[in-house]
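The values are calculated or read from the model by the stated rules, or taken from the named source; none is laboratory data. The structure displayed is predicted, hence computed values, not measured ones. Note that we place each Cβ from the backbone using ideal geometry, even for glycine, and neighbour counts take in every protein chain shown.
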Amino acid sequence: MNQIVDRVIKVSLVIMILISLLLSYKIWTKPANRSLSDKGKASSEEVLHTKKMTEVYVPTKLFYHQGKDDYVYSNKESTILDVNNKLSAFEFRNGKEIGSKKIEEALYTSDSFNLFFPEAFPLATYEEVYEMSLNIPSKMSDFVFNRIIFSLDKEKVYFVNHELNQGVEYDVSGDTQSIKHLLEDTKRNNYLPVSLTPDNVAGIYYLKEEVKLKTYSYIVATQSFTTFTKAFFNQPNDLYSNESDNLNVFNGEGESLTIQSSTGEVNYFGKLKTSKNAKGNNIYFDTFQYVENLGSTLGTLRFFDAKEGDIIYRNYIEGFPVFGKNMKGRLEVGVQNKNVFVRTNQETIQVPIPSDETVTLIPTAELMGNLAVAGVDLSLIDDAQISYEWQANLETKQVVDLVPTWYIKYQDNWYPASALIEQGGAK
């Protein structure tokens with residue numbers, strides 16, 4: 001009798017699981033050729049925590065000059081955000097343009113630090129995002145920067161461009177001591193020794209030693225198409241779909257959303273939303289609206305790259321960017337003639353799975369040597385970045401592996417260092 005009861009329970013559980021999977025499939029895949037109108041009010045579960053620009057337009061690397069030729073690196077997100085937020089609250093005075101000579105002097109100063117943004121963007125945008133009063137010199141109104149140098153000793157801040165040939169210098173006053181305390185907390189920041197010389201490729205700080213990093217595994221969630229229609233569409237109600245292999249949702253206003261069934265890649269097209277930016281059109285504010293409305297759905301997104309009207313936002317894990325195929329770990333927003341194109345992927349990483357596996361990455365100088373030997377033109381390299389590569393898990397599709405990997409920005413595009421070495425730079 002007990003065996004019969006056990007069998008009934010097991011069969012019932014299997015049936016319940018199958019029904020659950022079937023319902024999930026119906027929700028996440030294409031609806032039939034019909035109206036998708038939802039005129040009811042959003043429930044509390046559907047309300048997203050919208051992101052702030054100060055959570056996305058942030059520096060991602062910190063280099064602390066403890067003394068002469070004694071430089072260390074940290075990507076500790078909490079420290080970098082705290083330092084940047086404290087610095088943005090300072091009083092800035094006497095802004096003036098500086099050239100390469102003054103920048104080089106500031107660059108090698110002891111008792112200072114550098115904050116790096118992944119890509120250059122306008123100083124005026126930084127001022128507006130952080131609600132600062134910089135009084136940018138008039139002839140520098142369009143100046144773009146990707147590095148902040150702060151001399152703790154002289155209490156001067158330098159906003160510097162990638163080429164290290166132009167910047168804006170300020171006298172500042174604020175809580176310098178609290179920043180010093182953050183920087184001197186070596187246990188919190190897990191510093192790695194680095195070197196900086198005029199011979200370094202693209203002005204990159206070189207890691208002196210090999211670094212051992214954990215490989216992470218994450219459970220993957222497949223986001224419903226409604227996540228994207230609510231975040232991207234100007235008119236998210238009265239939607240319709242076409243019968244096809246891929247999900248294709250649209251409305252009468254010319255907006256459309258397509259999800260590729262084979263890859264999960266999401267493509268949206270529509271009219272650009274009216275920006276909340278009071279100072280007029282700004283690609284950084286315009287594109288951020290599509291990040292803001294997704295909230296935490298795609299995890300920790302950071303401003304990562306900008307090119308020809310496109311802004312790229314990328315997932316960050318443990319302070320490192322994530323690279324994956326088919327737009328995984330990435331949100332790209334392009335603006336053209338008041339139209340907007342958004343690309344991402346419906347697969348998102350959710351819950352980390354404990355792992356003891358590690359990967360050892362070689363020092364930067366050795367990496368550059370390997371690239372040169374392979375025939376890569378080092379003068380075409382703009383940056384080098386430790387990253388996490390999104391890889392399929394061999395055991396289950398519900399889990400992905402994030403593997404530490406050197407990535408190189410070569411001719412304005414990012415590649416795994418191994419791919420560049422294999423191709424000899426022929427990209």
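See the values below:
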{"quantity": "Yes/no for residue 157 being touching a strand residue (DSSP E or B) at 6+ places or on another chain (Cβ under 8 Å), touching a residue at least 24 places away in the same chain (Cβ under 8 Å) and farther than 19 Å from residue 285 by Cβ", "calculated": "yes"}
{"quantity": "Criterion: closer than 24 Å to residue 312 by Cα and among the small types (Gly, Ala, Ser) - qualifying residue of 365, 392", "calculated": "392"}
{"quantity": "Any hit, segment 159-177, residues being crowded, with 20+ Cβ neighbours inside 10 Å, within 22 Å of residue 382 (Cα to Cα), outside the structural domain of residue 412 (by TED's automatic domain parsing) and within 24 Å of the chain's Cα centre (by Cα)", "calculated": "yes"}
{"quantity": "Subset of segment 79-91 (residues that are surrounded by 15 or more Cβ atoms within 10 Å (Cβ to Cβ) and either touching a Pro at 6+ places or on another chain (Cβ under 6 Å) or not in a helix (DSSP H, G or I) (or both))", "calculated": "80, 84, 90"}
{"quantity": "Index of the failed condition, residue 268 passing every other in (1) touching a Lys or Arg at 6+ places or on another chain (Cβ under 7 Å); (2) under 23 Å from residue 289 (Cβ atoms)", "calculated": "(1)"}
{"quantity": "Residue match in segment 330-343 (condition: surrounded by 15 or more Cβ atoms within 10 Å (Cβ to Cβ), over 29 Å from residue 220 (Cβ atoms) and small (Gly, Ala, Ser))", "calculated": "no"}
{"quantity": "Test: residue in segment 245-257 that is within 21 Å of residue 58 (Cα to Cα), touching a Ser or Thr at 6+ places or on another chain (Cβ under 7 Å) and touching a residue at least 12 places away in the same chain (Cβ under 8 Å)", "calculated": "no"}
{"quantity": "Segment 300-313 residues that are assigned by TED's automatic domain parsing to the domain that holds residue 285 and basic (Lys, Arg), paired with ones that are surrounded by fewer than 17 Cβ atoms within 10 Å (Cβ to Cβ) and modelled with pLDDT under 95 (beta carbon under 8 Å, 6 or more apart)", "calculated": "307/412"}
{"quantity": "Among (1) at pLDDT below 95; (2) touching a Leu at 6+ places or on another chain (Cβ under 9 Å); (3) surrounded by fewer than 16 Cβ atoms within 10 Å (Cβ to Cβ), the one test that residue 66 misses", "calculated": "(3)"}
{"quantity": "Complete set of residues in segment 332-366 that are closer than 30 Å to residue 198 by Cβ and assigned to a loop (DSSP other than H, G, I, E, B)", "calculated": "362, 363"}
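Results for (1) surrounded by 23 or more Cβ atoms within 10 Å (Cβ to Cβ); (2) of a type outside the set (Asp, Glu); (3) closer than 16 Å to residue 215 by Cβ, shown as yes or no for each residue.
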{"site": "306", "(1), (2), (3)": "no, yes, no"}
{"site": "311", "(1), (2), (3)": "yes, yes, no"}
{"site": "314", "(1), (2), (3)": "yes, yes, no"}
{"site": "326", "(1), (2), (3)": "no, yes, no"}
{"site": "358", "(1), (2), (3)": "no, yes, yes"}
{"site": "361", "(1), (2), (3)": "no, yes, yes"}
